[in-house]
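Have a look at the structure below, then the notes.
The values are calculated or read from the model by the stated rules, or taken from the named source; none is laboratory data. Please read all numbers here as calculations on a predicted model, not as lab measurements. Cβ placement follows ideal geometry from the backbone for every residue including glycine, while neighbour counts extend to all protein chains displayed. With ligands, DNA and RNA removed, areas are computed over all heavy atoms of the protein, side chains included. Shrake-Rupley method; radii C 1.70, N 1.55, O 1.52, S 1.80 Å.
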Amino acid sequence: YTNQIVELRNIARTEKIPVAAIITRGLFDSYTLPTETTKQSGFQRYDAIKIIKESLNTFAFLSTNGITSRESFAVKDSPDFYMMGSMGLISVIGCGTALSQKGKKIAVLDGDGAILMHLGLLPFIGNHKPKNLFHLILDNQVYATTQNQPTVSPSTEFDKIALASGYRHAYKASSGEELGSLLATIKNHDGPV
């Protein structure tokens, strides 16, 4: 197949025409998809979103693209802003919303895969320091919307990155009970959290 692919590439380049390669079953090694769970537990994203929306019920919610937005809508349409495109940009949209709506608490539901795409936005948010911004990263170690391909989040400490970027507070929770307690404690903190 390699020689045929190279030949197709050369035809496409020299003749400036589109080409297609049909790959037969069995050419690639098999791959087992990881399951969708958060770090160190069986705590599911949907359950986390439900706890967050119940605990922060006076907040405005903005959610990242894909499954996170769909599950946020399924839990409760509050009304929310659902980013159905522009993966990785909900954090900066949330920052702008928080800066322009200073009297309203803003909760951003983000994913590990999405924030990893634009990790440089954390220092931007930390620099602007919106006091009413709560940035929640739902870390399940996969790109859930596209069949659970693994992210590099197992080696990424988002809380430490947030603090180093200028966030006022950063916390971790790995169970529903821990998340509920944490949100009850921090919902009146100044952000960015």
**OP:** Return yes when Phe73 is crowded, with 19+ Cβ neighbours inside 10 Å and closer than 27 Å to Gln147 by Cβ and no when it is not.
**Re:** no
Subject >> Failed condition for Pro34, given (1) at pLDDT below 95; (2) assigned to a loop (DSSP other than H, G, I, E, B); (3) farther than 22 Å from Leu119 by Cβ >> reply: (3)
Subject >> Among residues of segment 1-31, those that are outside any loop (DSSP other than H, G, I, E, B) and modelled with pLDDT under 80, counted >> reply: 1
**OP:** Name the single residue, out of those in segment 147-181 being without any contact (Cβ under 8 Å) to a residue 12 or more places away in the chain and either open to solvent by less than 20 Å² (accessible area, probe 1.4 Å) or assigned to a helix (DSSP H, G or I) (or both), that is farthest from Arg70 (Cα to Cα).
**Re:** Ala164
**OP:** Filter segment 109-168 down to residues that are more than 13 Å from the chain's Cα centre (by Cα) and of a type in the set (Asp, Glu), then give me how many there are.
**Re:** 2
